[in-house]
Amino acid sequence: MKEIRYVITDALGLHARPAGLLVKEASRFPCAVTVGVNGGAAVDAKRILGVMKLAAKQGMELTLTFDGPQEEEAADAMAAFLKANL
Amino acid sequence: MGIFDKLFSKSSNEIRLGAPAAGAAVPLSTVSDPTFGTGILGKGVAIRPTGNRVVAPCDATVDLMFDTGHAVSLKADCGAEVLIHVGLETVSLGGRHFTVHAKNGDHVTAGQLLIEFDRQAIAAAGFDTIIPMVICNTPDFAAVTAQTAGSVQAGDTVLTLVKA
């Protein structure tokens, strides 16, 4: 089990495009990946509707968890993704 | 059920989604935003709108009406997870030129008004007004096929899903 946190800096927040890209990135890895916002209930990071429904905005903190095969690689990749896209 | 029954009874497994807006139905691949055009969000179709209304493509529950009114996701009664995005990059309008007519959790029926948008104003502001409609849970279906024959009224079939 790995966990990373990231505060959104993008002014537009986690709208459709970054949500789609986040799901695509998370889906590259076999481990379970969840994402939640500001300590709220986490959703499956591999399902677009759930990720969009977080309605995460600039300044909010995302918490991602990784559990299973390749969790280390997945956590590193998602940390880089978040920095580059959100 | 035998193999021949499965082959010839497909109509009962088919789900038809109507155009969310009047206009021209075109392949999703023609959408210039790669998030839609390359199918990252799922398979689907796009409408080049000629009107200013977005309606429900099928009976569904509103999963998320974006507070900016530029997009809406629906959980269809048939199981499809549908995202309708009105124009490209329109999140940056911050709600201007959009009026929402449904809220999260509402059950809507096919053809019911979801969003009104000022197409001319959005275009004048420099935005592409194309409306992609994608099936976010495409892998849950055996097939998602677009009908892109051209001019459609809202409600005309533009997507056919086959249950897995």
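Bear in mind these aren't lab numbers, they're just calculated from the coordinates by the rules spelled out. Computed from a predicted structure; not experimentally measured. Counting neighbours? That spans all protein chains shown, and the Cβs are built from the backbone with ideal geometry, glycine included.
Show the residues, 5+ positions off or on another chain, whose built amide H is closer than 5 Å to the amide H of B:ALA71.
Placed amide hydrogens put B:PHE66, B:VAL86 under 5 Å from B:ALA71.
For region B:150-164, what does the Karplus curve 6.51 cos²θ - 1.76 cosθ + 1.60, with θ = phi - 60°, yield as ³J(HN,Hα) per residue in whole Hz, taken in order and with x for Gly and Pro?
x, 4, 9, 8, 4, x, 5, 4, 10, 9, 10, 10, 10, 5, 6
Is there a quick way to get the dipole size of region B:20-163? I mean about its Cα centre, with the Cβ of Lys and Arg at +1 and of Asp and Glu at -1; what is the value in debye to the nearest 20?
That gives a dipole near 180 debye.
Per-residue mean of other chain beta-carbon atoms within 10 angstrom of the beta-carbon, peptide B:36-45?
3
If Rh is defined by the Kirkwood formula over all Cα pairs and Rg also comes from Cα, what ratio Rg/Rh do you get for the protein assembly as shown?
Result for the protein assembly as shown is an Rg/Rh of 0.99.
What list do you get for A:LEU82, B:LEU93 if you sort them by fewest beta carbons within 10 Å?
Ranked by crowding around the Cβ, least crowded first: B:LEU93, A:LEU82.
Amide H of B:HIS101: which non-local residues (sequence gap of 5 or more, or other chain) have their own amide H closer than 5 Å, using H built in the peptide plane?
B:ILE115, B:GLU116
Once phi is turned into ³J(HN,Hα) by the Karplus curve 6.51 cos²θ - 1.76 cosθ + 1.60 with θ = phi - 60°, what whole-Hz value does each residue of region B:30-46 show in order, with x for glycine and proline?
Karplus values, whole Hz, x for Gly and Pro: 7, 6, 6, 7, x, 4, 8, x, 9, x, 4, 8, x, 6, x, 8, 9.
Could you work out the helix-only [θ] at 222 nm for the protein assembly as shown, with each DSSP H run of four or more residues adding -39,500 (n - 2.57) and the total divided by the number of residues, to the nearest 500 deg cm²/dmol?
-5000 deg cm²/dmol
What FRET efficiency comes out for A:ALA80 versus B:ALA142 if R0 is 35 angstrom and r is the Cβ-Cβ distance? Round to the nearest 0.05.
0.50
So how tilted is helix A:71-85 from the main axis of chain A? Cα-based, degrees 0 to 90, rounded to 10.
20 degrees
What ranking do B:THR129, B:THR68, A:THR63 get, fewest neighbouring Cβ atoms within 10 angstrom at the top?
A:THR63, B:THR68, B:THR129
Take B:GLU14 and A:MET60, extend 7 Å from each Cα along the Cα→Cβ direction, and tell me the distance between the two endpoints in nm.
A separation of 4.0 nm, rounded to one decimal place.
Could you pull out every one of the lysines with an alpha carbon less than 18 Å from that of B:LYS103, ignoring same-chain neighbours closer than 8 positions?
Straight-line reach from B:LYS103, under 18 Å: A:LYS53, B:LYS75.
What is the set of long-range amide H partners of B:LYS43 at a cut-off below 5 Å, with H atoms built 1.01 Å from backbone N?
Close amide H contacts, sequence-distant or interchain: B:ILE135, B:THR138.
Tell me, B:ARG53, B:ARG96 in order of fewest to most beta-carbon neighbours within 10 Å?
Ordered by Cβ neighbours within 10 Å, fewest first: B:ARG96, B:ARG53.
When the Karplus curve 6.51 cos²θ - 1.76 cosθ + 1.60 is applied with θ = phi - 60°, which whole-Hz ³J(HN,Hα) does each residue of region B:72-89 get, with x for Gly and Pro?
8, 10, 10, 9, 5, 4, 7, x, 6, 9, 10, 10, 10, 10, 8, x, 9, 6
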